[in-house]
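Undergrad: So that we are looking at the same thing, I have put the structure below in structure tokens.
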Amino acid sequence: MTAMPWHRRTLRWAQTNLVEIDPSRYDGSWWRDHWRRTRVQGAIINAGGIVAYYPTEVPLHHRAVALCDRDLFGEIVAAAREEGFSVIARMDSNRVAEDFYRAHPDWICVDAEGAPHRQADKYITCINSAYHTEYLPAIMREVIARVRPDGFSDNSWAGLPRDRICHCRNCREAFHAFAGLDLPRGQDWSREDHRRWIAWNYRRRTEIWDLNNAVTTGAGGPECIWSGMISGDVPNNGHRFIDLKEILPRASIVMLDHQRRNPVDGFADNTEAGKRLHEVGGWDKLIPESTPQYQLGQPAFRLASMPPAEVRLWSSSGFAGGLQPWWHHIGALREDRWQYRIAEPIFRWHEKHEAVLVNRQPIADVGVIWPHRNHDFFGRGRAAERTMVPTGGS
């Protein structure tokens, strides 16, 4: 089994999602003990993007406020290597601070009046700008030169979602080259310019996927793959222009951001998501699923524990659909220690039964054909009612 590449043999993952003050309080020995207790084989470690957790030399790549000259990312990578882990460098990369916006306003999404699109106090970067084609590749090459991770993932790689339109010069020129049309000024599914804009955005996300993989494999070797996180929720993927039919066959490993049941669907939704993604991408690849051990809801209480039964039932329903476990905590400080007791029995059970939880093949002889174009162009603004409810049998 060890002869297989990392993305085929790593079955259990750990992620301590660092926050900016963690360089002053990260307890490496405690987290290594937690890795061992939970029987993980790989770690997803914050590298850079919005915030760097190593002493970056890329201009305007902000270091975490408490980092100083510490290389927290490198320290965690070294510890993970000593444990024999696979390592994914985690990027979070679609927003920048005020000084970055002032230096590169042409890399920022703007509305029809030219005002920048923002999320909280950050500025949202345009997926058609040099931020994605030059700046992020420079960061990934720097990370590879420093620690040579096995691969990369990105929490926010897909850029501006479909409820907002970027009218920057990059988008105007690229869309006109694609469609011979001006950008739509609003959401109107009856108009040809809007329908073409939807198709163009899907294509651009697939191009970004290929570009990032060309960067990481070019600098880090053929197995240093990039795999941006996707959702197990059909509307969410559509909202972010992620074409699963194009992207899943390209993905050597699928990093799944499908963290909890919603107010409508039950635990079986996680089984269905795993089976659907395997059917499109192939049953021979791994799909680890980010599962928070903290209270994630509306609103989220990220320092409080999720009920253990909730995590156990969500995880086991994912195992039934061919997903692999990936525990996820926010921040390195352990204020509510209950959440650190949840993963161990689940992950140890998975280790005990791993032989029958991977490399399975479906035996069904009936399938459902359900293209995302139906969700987009028939569902339009009412897709939850028009396409999701009928799929659930209602």
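Undergrad: Name, by its number, the condition in (1) closer than 13 Å to Val143 by Cβ; (2) under 20 Å from the mean Cα position of the chain (by Cα) that does not hold for Ser86.
TA: Among (1) closer than 13 Å to Val143 by Cβ; (2) under 20 Å from the mean Cα position of the chain (by Cα), Ser86 violates only (1).
Undergrad: Being out of contact with any helix residue (DSSP H, G or I) (no Cβ under 6 Å at 6 or more places or on another chain) and either at pLDDT below 95 or farther than 20 Å from Arg162 by Cβ (or both) is the filter here; which residues of region 98-111 pass it? Show your work before the answer.
TA: In the first step, residues of region 98-111 are kept if they are out of contact with any helix residue (DSSP H, G or I) (no Cβ under 6 Å at 6 or more places or on another chain); the result is 98-106, 109-111.
Correct list: Glu98, Asp99, Phe100, Tyr101, Arg102, Ala103, His104, Pro105, Asp106.
Undergrad: Give the residues of region 350-378 that are in contact (Cβ under 8 Å) with a residue 12 or more places away in the chain and in a loop (DSSP other than H, G, I, E, B), sorted by residue number.
TA: Taking region 350-378 as the starting set, the residues that turn out to be in contact (Cβ under 8 Å) with a residue 12 or more places away in the chain are 350-351, 354, 357-362, 367-368, 370-372, 374-377.
Listed by number, the residues that qualify are Leu357, Val358, Asn359, Arg360, Gln361, Pro362, Gly367, Val368, Trp370, Pro371.
Undergrad: Looking at (1) closer than 24 Å to Arg380 by Cα; (2) in contact with a strand residue (DSSP E or B) (Cβ under 8 Å, 6 or more places away or on another chain), which one does Ala158 not meet, given that it meets all the others?
TA: It fails just one condition, (2).
Undergrad: Kindly establish whether His194 is crowded, with 16+ Cβ neighbours inside 10 Å, under 26 Å from the mean Cα position of the chain (by Cα) and farther than 30 Å from Arg90 by Cβ. It would help to see each step written out before you state the result.
TA: Working: crowded, with 16+ Cβ neighbours inside 10 Å: yes; under 26 Å from the mean Cα position of the chain (by Cα): no; farther than 30 Å from Arg90 by Cβ: yes.
No; evaluated as a whole, the condition is false for this residue.
Undergrad: Among (1) more than 26 Å from Glu354 (Cβ to Cβ); (2) among the basic types (Lys, Arg); (3) more than 13 Å from the chain's Cα centre (by Cα), where does Arg276 come up short?
TA: (1)
Undergrad: Filter region 207-223 down to the residues that are closer than 23 Å to Ala130 by Cβ and touching a residue at least 40 places away in the same chain (Cβ under 8 Å) and list them by number. Talk me through it step by step, then tell me what you get.
TA: We begin by selecting, within region 207-223, every residue closer than 23 Å to Ala130 by Cβ; these are 207-220.
Result: Ile208, Trp209, Asp210, Leu211, Asn212, Val215, Thr216, Ala219, Gly220.
Undergrad: Pairs under 6 Å by beta carbon, first residue closer than 12 Å to Ile45 by Cβ in region 60-84, partner part of a helix (DSSP H, G or I), six or more apart or different chains?
TA: Leu72/Pro23; Gly74/Val147; Val77/Val147; Ala79/Gly28; Ala79/Arg32
Undergrad: Give all pairs with beta carbons closer than 9 Å in which a residue from region 21-33 that is assigned to a loop (DSSP other than H, G, I, E, B) meets a residue that is at pLDDT 95 or above and among the hydroxyl-bearing types (Ser, Thr, Tyr); count only pairs at least 6 apart in sequence or on separate chains.
TA: Once the first residue is assigned to a loop (DSSP other than H, G, I, E, B) and sits in region 21-33, its partners that are at pLDDT 95 or above and among the hydroxyl-bearing types (Ser, Thr, Tyr) give Tyr26/Thr16.
Undergrad: Now a separate question. Given the conditions (1) in contact (Cβ under 8 Å) with a residue 12 or more places away in the chain; (2) within 20 Å of Pro263 (Cβ to Cβ); (3) surrounded by 14 or more Cβ atoms within 10 Å (Cβ to Cβ); (4) not hydrophobic (A, V, I, L, M, F, W, C), and given that Gly392 satisfies all but one, which numbered condition is not satisfied?
TA: Among (1) in contact (Cβ under 8 Å) with a residue 12 or more places away in the chain; (2) within 20 Å of Pro263 (Cβ to Cβ); (3) surrounded by 14 or more Cβ atoms within 10 Å (Cβ to Cβ); (4) not hydrophobic (A, V, I, L, M, F, W, C), the lone unmet condition for Gly392 is (3).
Undergrad: Looking at region 311-323, I want the residues that are assigned to a loop (DSSP other than H, G, I, E, B) and have a partner that is among the acidic types (Asp, Glu) with Cβ atoms under 7 Å, at least 6 apart or on another chain. Which pairs are those?
TA: Sorted first by the residue in region 311-323, then by its partner, the pairs are Gly321/Glu272; Leu323/Glu289.
Undergrad: Being farther than 30 Å from Gln187 by Cβ, hydroxyl-bearing (Ser, Thr, Tyr) and in the same structural domain as Asn170 (by TED's automatic domain parsing) narrows it down to one of Thr125, Thr38, so name that one.
TA: Numbers: Thr125 fails: farther than 30 Å from Gln187 by Cβ.
Within the list Thr125, Thr38, the selection yields Thr38.
Undergrad: Could you list, in sequence order, the residues of region 203-231 that are outside any helix (DSSP H, G or I), surrounded by fewer than 15 Cβ atoms within 10 Å (Cβ to Cβ) and of a type outside the set (Asp, Glu)? If you could, list the steps in order and put the result at the bottom.
TA: Our first condition is that a residue be outside any helix (DSSP H, G or I); within region 203-231, this holds for 221-231.
Narrowing the set further to residues that are surrounded by fewer than 15 Cβ atoms within 10 Å (Cβ to Cβ) leaves 221-223.
Within region 203-231, Gly221, Pro222 meet the criteria.
The values are calculated or read from the model by the stated rules, or taken from the named source; none is laboratory data. Only a predicted model underlies this, so the values are computations on that prediction, with no experimental measurement involved. Positions of Cβ are backbone-derived with ideal geometry, glycine not excepted, and every protein chain shown enters the neighbour counts.
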